[in-house]
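Read the structure below first, then the notes.
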Amino acid sequence: MAEATSGAEGAAGVGILARDGGASIAYRRLAGHNPGVVFIHGFHSDMEGGKALALEQWCREQGRAFLRFDLFGHGLSSGDVAEGTIGRWADDAEAAIGQLTEGPQILVGSSLGGWIALLAALRLRPRIAGLVGIAAAPDFTEDLMWAEFTPEQKRQMLEQGHVALENCIEPDKPWTIKRDLIEDGRNHLLLRDAINLYCPVRLIQGQKDADVPWRTALRIADSLASKDVEITLVKDGDHRLSRDQDLSRLVRIVAALAEQVGTPAA
């Protein structure tokens, strides 16, 4: 099993977790009391976004442990995002949580990160005290990509192994979606069956989200075995949910969950 490199966290506070095949995961973490908080970013995002930083600031003020990291192909981690798959990203999350944290953790996942958080929680069930999804997007490769592809895009995917999708952030740099992402995603679908998690779960979803239909939150809640599931619908909220009021709401929800599942910060 890959291990964190010696002296991994340098002056800039960026650590490197070595992975198989010479790959590496970049991370930042705070020491503190538990339950700790782990943030998992979205597709084509990274650990430096507003949601991660807002949670890190709150954890720092509370003396609470915190971890954020870049999935394979994102941010400061190695690799090309086009070569990533759901399984590989779930492995990244499992390794980061398993090797870089101790004790009970609250996982907070945004979009793709919400899917990865659910998968990681299933693998690490005894250590997961709670989970928060922000526009969580389990099964998006099947329901929001493949199902929405035109017949021509499906033909191109099957014959050429990839398609180009519009990049909503940088329109002149389309995203390459490879067949491996779609096919591997089918090995990790969650909304077709029960999700056997029993920890408290909080789902935050904007109703003006143009990327993940807000009813996805209802599907997740219906699938979860946990009876302690709450959904916060933000009527004017978009996919990013990164406005000041969105960040304040996120921190409040995580704080309340941390108090519920562990000893409140002094």
Worksheet entry | Residue pairs meeting the criteria (Cβ under 8 Å; at least 6 apart or on separate chains; first on the phi > 0 side of the Ramachandran plot, in segment 175-193; second polar (S, T, N, Q) and assigned to a loop (DSSP other than H, G, I, E, B)) | none
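Residue by residue, here is whether (1) aliphatic (A, V, I, L, M); (2) touching an Asp or Glu at 6+ places or on another chain (Cβ under 7 Å); (3) not in a helix (DSSP H, G or I) holds:
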position: Gly79; (1), (2), (3): no, no, yes
position: Ala96; (1), (2), (3): yes, no, no
position: Gly113; (1), (2), (3): no, no, no
position: Ala120; (1), (2), (3): yes, yes, no
position: Val132; (1), (2), (3): yes, no, yes
position: Pro138; (1), (2), (3): no, no, yes
position: Asp143; (1), (2), (3): no, no, no
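Identify all residues within segment 41-68 that are under 12 Å from Leu247 (Cα atoms) and either at pLDDT below 95 or not aliphatic (A, V, I, L, M) (or both); write none if there are none. First the steps, then the outcome.
Residues of segment 41-68 under 12 Å from Leu247 (Cα atoms): 49-58.
Those that are under 12 Å from Leu247 (Cα atoms) and either at pLDDT below 95 or not aliphatic (A, V, I, L, M) (or both): Gly49, Gly50, Lys51, Glu56, Gln57, Trp58.
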Response to the item:
The lone condition Ala52 fails out of (1) without any contact (Cβ under 8 Å) to a residue 24 or more places away in the chain; (2) within 14 Å of the chain's Cα centre (by Cα); (3) closer than 23 Å to His162 by Cβ is (3)
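How many of the residues in segment 232-252 are surrounded by fewer than 19 Cβ atoms within 10 Å (Cβ to Cβ) and either at pLDDT below 95 or of a type in the set (A, V, I, L, M) (or both)?
As a first pass, look at segment 232-252 and keep what is surrounded by fewer than 19 Cβ atoms within 10 Å (Cβ to Cβ): 232-233, 235-236, 238, 242-245, 247-249, 251-252.
If we keep only those that are either at pLDDT below 95 or of a type in the set (A, V, I, L, M) (or both) too, we end up with 233, 247, 251.
Qualifying residue count for the region: 3.
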Fill in: Test for Glu142: is it of a type in the set (D, E, K, R) and within 21 Å of the chain's Cα centre (by Cα)
yes
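The values are calculated or read from the model by the stated rules, or taken from the named source; none is laboratory data. Treat the numbers as computed from the prediction; the structure is a model and nothing was measured. Neighbour counts run over all protein chains shown; Cβ positions are idealised from the backbone, glycine included.
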